[in-house]
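Before any comments, here is the structure.
The values are calculated or read from the model by the stated rules, or taken from the named source; none is laboratory data. Predicted, not measured: the structure shown is a model, and the values here were computed from it. Backbone-built Cβ (ideal geometry, glycine too); neighbour counts: all protein chains shown. Each accessible area value is taken on the protein alone, full model and side chains, heavy atoms only, with ligands, DNA and RNA left out. Shrake-Rupley method; radii C 1.70, N 1.55, O 1.52, S 1.80 Å.
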Amino acid sequence: MTEIWRGTWVVSYRELLRFVNERSRLVGSFAQPLLFLVIFGAGFGNLIGSLAPGVDFIQFMYPGIIAMGVLTTSLFAGVSVVWDREFGFLRELLVAPLGRAGIVLGKAIGACVVAVLQVFLMLLIAPVVGVDLNVGMVALLVPVVFVLSIALSGLGILVASFMRSQQGFQLIIQLLIFPLIFLAGVFFPVNQAPDWLQVLSKFNPLTYGVDAIRQVFLGSDAAASLGVTVGGHVMTLPEEVALMAVFAIVLLGAAVWGFNRQE
């Protein structure tokens, strides 16, 4: 158990240092979601108008853009695994007195901390887009982002455990990212989509992350008309966090299995 905790700490600390030292990554992690918000908001804002009383399209999309940033950061935690394998650093990690489960946990937790830092950057523009923000919302948002990021990091590391090159990994991740985003209700309410799309969206962990973050910002009243329904029941924030935790346990467990199997 000590080796697992040591591995978790060492690897997550290294991931955080790598993020802080890469200025291009810092800028890109903030600029990409901002571009989506500006382009889609300007393009569709006037066309779509209000989606619920007091909720315009940009206010509706803003929580989804935050979740989209969490998705990108978390999935690309797997890049670190492939990068370490290509440059031989992973071999050094595996012969060190560190538990392999701890290495996977460290990669996931490092990605979570980075995702939370990126969310804080995105919160700076909340007043600009007309989204109310207070300390209580931030305190509620952090654990939601953390659980969502753990689940998505598990998916990224699981894919990376079967990849041998960064090019191959990025190709697979690009194939995954857009379906995950468009099935999650980032740009439209899931419960107003066609039936077949609603069914597919229920198997997407990002769907519950987007809606949970949306409930934090817009409140439960907006969720009644814009939120995710399962079996006719409108999902509440605690229910969605619990469901994301289940996804996190399953995906992270699969990532540990894949990592132990391949290395």
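Would you please state which residues of the range 189-208 a label at residue 239 would reach in this model, taking the label point 7 Å out along Cα→Cβ and a backbone N cut-off of under 14 Å? Residues 191, 202, 208 fall inside that zone. Here the extension length gained between residue 164 and residue 246 equals 26.7 nm, from 0.36 nm per residue of separation less the Cα-Cα distance.
Hey, got the dipole for the chain? About the Cα centre, +1 on K and R Cβ, -1 on D and E Cβ, debye to the nearest 20? Before the final figure, lay out each step's value.
Numbers: 13 positive and 14 negative charges, 150 e Å.
Dipole of the chain, to the nearest 20 debye: 720 debye.
With θ taken as phi - 60° and the Karplus curve 6.51 cos²θ - 1.76 cosθ + 1.60 applied, the whole-hertz 3J(HN,Hα) list for the range 122-137 is 5, 5, 4, 9, 4, x, 5, 8, x, 9, 5, 9, 9, 5, x, 4 Hz, x standing for glycine and proline. Shown for the chain: the carbon plus sulfur share of the solvent-accessible area, taken with all protein chains present and a 1.4 angstrom probe, equals 70%.
Using the Cα gyration tensor of the range 172-219, with a ≥ b ≥ c the square roots of its eigenvalues, what is the shape: rounded (a/c below 1.5), prolate (a/b larger than b/c) or oblate (neither)? Because a/c hits 1.5 or more and a/b fails to exceed b/c, the range 172-219 counts as oblate.
Mean-square fluctuations from a GNM of the chain, with a 10 angstrom spring cutoff on Cα atoms, peak among 96, 160, 151 at 96.
Counting only heavy atoms of the protein chains, get the accessible area per residue of the chain (1.4 Å probe) and round it to a whole Å² value. Provide the component values of the computation, followed by the final result.
Working: 12010 Å² over 263 residues.
With the other protein chains kept in place, the chain gives 46 Å² per residue.
Evaluated at 4 °C with a viscosity of 1.567 mPa s, what Stokes-Einstein diffusion coefficient in µm²/s does the chain have when Rh comes from the Kirkwood expression over alpha-carbon pairs? Walk me through the intermediate numbers first.
Working: Rh = 18.8 Å.
Estimated diffusion coefficient is 69 µm²/s.
Taking the chain as a Gaussian network of alpha-carbon nodes connected by springs under 10 Å, the highest mean-square fluctuation of the residues 39, 173, 58 belongs to 39.
Taking each residue as 0.36 nm, the span from residue 182 to residue 225 lengthens on full extension beyond its C-alpha to C-alpha distance by 13.6 nm.
Approximating the spin labels as points 7 Å out from Cα along Cα→Cβ, the residue 200-to-residue 89 distance works out to 3.6 nm. Here's the picture: a label point sits 7 Å out from the Cα of residue 133 along the beta-carbon direction, and within the range 197-220 the residues with their amide nitrogen under 19 Å of it are 210-219.
Out of every Cα-Cα pair that the range 43-185 contains, those further apart than 20 angstrom amount to 55 percent.
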